Each structure stands twice: as C-alpha cells, then as structure tokens.
Amino acid sequence: MSMLDLDKFRATPLQHDPYDFLCVPGFVKKEHLEALHRDYPKVDKPGSIPLGVFPQGPAFDAMIAELKGPEVCKAFSDKFDLDLSKYPTMFTARGMCRPTDGKIHPDSASKVITVLIYMNPPWEASGGRLRILRSQNLEDYAAEVPPEEGTLMCFRRSDTSWHGHYPFEGQRRAIQMNWVKGGVYIWHEQMRHRIGAWAKGVFGVESKGY
C-alpha cells in the first residue's frame with residue numbers, strides 16, 4: 001500500500017511566483033504517520049545527516065524505497081515538465097535545529113529539484129517555518145510552510161530560489177530528497193555530512209551546512 005498521496009500531489013497546482021514550487025499538506029498518508037515517527041532515524045545532532053548514519057526502522061525504509069520508485073519520479077517529472085529519470089537522487093534527514101539554521105540560500109547549483117517532507121507534530125513555534133522568498137529578505141515571502149507531519153514542500157532550484165526561516169532550536173524533523181546533476185556530487189555531499197556528524201559527536205564541532 002502506498003504511503004504517499006500522489007493523487008493529491010498531481011492535483012496541486014505548481015506555483016510560479018517567485019519560482020516553481022508547491023506545498024502539499026498530507027502528502028504522507030495519515031495512517032502511516034505513527035509507524036514513520038517510530039522508525040524515523042534517531043538523529044540527535046544538528047545538520048543534514050545521510051541515511052544510514054543513525055538507526056532507522058522498516059517503515060521509514062519503505063517510504064524511502066517508494067520515493068526512489070518510478071511512479072514518484074514520473075509524477076515529479078510531469079509536474080515540473082522535466083525528465084528527472086536521468087538524474088540520480090540523494091537523501092538526507094534532519095532531526096535537530098540550531099539557532100544558526102535557516103539562513104537564506106537558493107540551494108547549490110548541482111541540485112535540480114529539492115523535496116522536503118516534514119515529520120513534526122502541529123507546529124506552534126514562530127521560528128522554523130520555511131519561507132519561499134522573492135529576495136534575500138525573510139519578510140519578502142510568497143509562502144510560509146509550517147514543518148508539520150506529512151507536509152511536502154518542493155521547488156525547482158535556480159540562482160534565485162531563495163528560501164529560509166526564522167531561528168528555532170529543538171527537534172525539527174525533515175527528510176530531504178534531491179534530484180542532482182551527478183554521482184560525484186552525491187559522494188562529496190555524503191562524505192561532507194558524514195564527517196560533519198562525526199566531528200560534532202567527537203569534538204562538539206558544528207558542521208557548517210546551509
């Protein structure tokens with residue numbers, strides 16, 4: 001049984017102001033949320049962490065396998081009018097947010113499409129809400145997305161795909177999936193995030209990330 005509501009994804013119009021993006025609350029079906037919370041990677045460090053660094057359970061593995069599948073690839077390809085089958089995918093997970101996270105950025109040029117799936121309880125904090133920005137000003141936003149469980153946010157990366165959020169400190173779970181422009185980039189990023197997680201655990205050093 002699918003964990004993802006691709007019909008809702010297909011029915012949600014792609015927004016073009018200020019760049020191509022869409023938000024789909026309830027993208028992860030409600031009946032699977034309890035198992036996914038249980039099996040989410042036990043990330044207790046800040047930063048983006050490659051899958052496999054921290055323990056994760058079978059429900060989470062099943063969702064990642066579905067995200068890697070051809071039906072999801074086709075749905076996103078159709079939505080963005082772009083053949084994503086020629087691009088590899090990269091996954092990371094976040095578990096903890098630090099006050100320095102959320103700085104405004106457009107994502108690196110090697111990324112084609114960025115997908116975020118949030119896995120948090122109803123979000124009451126003012127910080128930590130992702131904003132889709134028209135400029136490098138957090139108040140100049142087209143949309144604001146609370147990182148609540150099951151919500152998907154995705155966008156086409158460009159030099160002006162600015163996004164960020166006001167500071168928040170504490171647990172903030174997010175799965176990030178990217179279609180990227182090459183396997184070398186994936187290797188580099190996986191190594192960078194693994195070294196960052198190791199340095200934080202051993203020396204208390206923050207990975208710089210973005």
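The accessible surface of the chain, taken with every protein chain in place and a 1.4 Å probe, is 55 percent carbon and sulfur. From the cross-link list Lys8/Lys103; Lys74/Lys181; Lys29/Lys86; Lys8/Lys74; Lys79/Lys111, which pairs have alpha carbons spaced over 23 Å apart? Lys8/Lys103; Lys29/Lys86, as the Cα separations exceed 23 Å there. The stretch 93-169 and the stretch 31-72 have Cα centres lying 19 Å from one another. Computed from backbone phi, the HN-Hα couplings of the stretch 102-117 come to x, 5, 5, 7, x, 6, 6, 5, 7, 8, 9, 10, 10, 10, 10, 10 Hz, rounded to whole numbers (Karplus: 6.51 cos²θ - 1.76 cosθ + 1.60, θ = phi - 60°; Gly and Pro given as x).
P(r) tail, the chain: Cα-Cα pairs separated by more than 22 Å, 47% of all pairs. Relative contact order, whole percent, for the chain stands at 27, derived from Cα pairs under 8 Å and 6 or more residues apart. Here the Karplus relation 6.51 cos²θ - 1.76 cosθ + 1.60, evaluated at θ = phi - 60°, turns the backbone of the stretch 46-58 into coupling constants of x, x, 8, 10, x, 5, x, 6, 10, x, 9, x, x Hz, with x for every Gly and Pro.
Using a probe of 1.4 Å, the accessible surface attributed to Tyr141 totals some 80 Å² when neighbouring protein chains are kept in position.
Distances between placed amide hydrogens fall under 5 Å for Met96 paired with Lys45, Gly47, Arg172, all partners being 5 or more residues away or on another chain.
Karplus-derived 3J(HN,Hα) values for the stretch 89-98, using 6.51 cos²θ - 1.76 cosθ + 1.60 with θ = phi - 60°, are 10, 10, 10, 9, 10, 10, x, 10, 10, 10 Hz; glycine and proline are entered as x. Relative to its Kirkwood radius, the Cα radius of gyration of the stretch 46-131 gives an Rg/Rh of 0.97.
The values are calculated or read from the model by the stated rules, or taken from the named source; none is laboratory data. Just so we're clear, the structure is a prediction, and the values are computed from it rather than from any experiment. Surface accessibility is based on the protein's heavy atoms, side chains included, excluding ligands, DNA and RNA. Shrake-Rupley method; radii C 1.70, N 1.55, O 1.52, S 1.80 Å.
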